[in-house]
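To start, the structure itself, in structure tokens.
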């Protein structure tokens, strides 16, 4: 079973009266438990692809399957329910609610889940704050936490719904080098321990170096696919691009 399957997906936007094709004929399939990086320059379409996988946006054509269920044509309410149960999000700017404590931020996505009791909510909050090493900061508000601590709260919040997929959009961009490395190692540890699928949109070579799968997007299309075997990458050209496979291999090995 694929955790995500994308078949002939295109995404168009209207810019004034002009149609802009952000993604064209994307075909991908991701196995459960993968630690995957979607890489590419700014404007390449990688964030659009992440938003489609996260059911924040819908494709102009083609189909997207989450856990083998076709999400094409679902209503906004149905997509919101799917996100609440299946997909956790980690953002570049953390997106924490400033008036809530760390514990309350982690609990927030569970408040709309009728199947999660207050007792279960508190249990999950305590558990996942402990997983990210922030139990002692549970009552601190975001402005009382460092950037790295805020990102850890965001990770705990994403995990609290017990998702099968965590989507991370440039999660290290606002962190210094040391903190970014710590956050990546934490996410890798969680990926291995819980078999949670992590999918990153990034141009950070540190993220790419720790991924075990790579999708490179250029000009709205998949240009390279990479699979890590031990410490080496096996790269397959998906369509003609200027960059050589050897050059890409050197880049991702960091």
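Residue exposure proxy: 11, 46, 195, 205, ordered by other Cβ atoms within 10 angstrom of their Cβ from fewest to most, comes out as 195, 205, 11, 46. Identify the residues of region 39-60 with backbone N under 15 Å of a label point that sits 7 angstrom from the Cα of residue 173 along the Cα-to-Cβ direction, or state none. Only 39-51 fall inside the zone, counting backbone N under 15 Å.
Considering only alpha-carbon pairs that sit under 8 angstrom and 6 or more positions apart, the relative contact order computed for the chain is 25 percent. Model label points for residue 206 and residue 69, set 7 angstrom from Cα along the Cα-to-Cβ axis, are 3.6 nm apart.
Computed packing ranks the peptides 206-218, 19-31 as 206-218, 19-31, most packed first, by mean other Cβ atoms within 10 Å.
If I take R0 = 22 Å and measure r between the Cβ atoms of residue 7 and residue 115 in this structure, what FRET efficiency does the formula 1/(1 + (r/R0)^6) give, to the nearest 0.05? Plugging the Cβ-Cβ distance into 1/(1 + (r/R0)^6) gives 0.10. Given (i) 38, 22, 16; (ii) 25, 22, 16; (iii) 30, 22, 17, which label gives semi-axes √(5λ) of the Cα gyration tensor in Å as computed from the coordinates? Answer by label: (iii). How far apart, in nanometres, would the label points at residue 25 and residue 56 be if each is projected 7 angstrom from Cα along the Cα-to-Cβ direction? Computed distance between label sites residue 25 and residue 56 equals 2.8 nm. Using the alpha-carbon atoms, what tilt in degrees (0 to 90, nearest 10) does helix 76-86 show relative to the longest principal axis of the chain? On a 0 to 90 degree scale, this one is about 70. Note on residue 17/residue 227: beta-carbon distance plugged into 1/(1 + (r/R0)^6) with R0 of 51 Å gives a FRET efficiency of 0.75. Helix content alone sets the calculated 222 nm mean residue ellipticity of the chain: runs of n ≥ 4 DSSP H residues at -39500 (n - 2.57) each, divided across all residues, give -10000 deg cm²/dmol. Contact order, relative form, for region 66-155: 38 percent (alpha carbon pairs under 8 Å, 6 or more residues apart, mean separation divided by residue count).
Values in this text are rule-based calculations from the coordinates and carry no lab data. Here the structure is a predicted model, which means the values were calculated and not measured. As a convention, Cβ positions derive from the backbone with ideal geometry for all residues, glycine included, and neighbour counts pool all protein chains shown.
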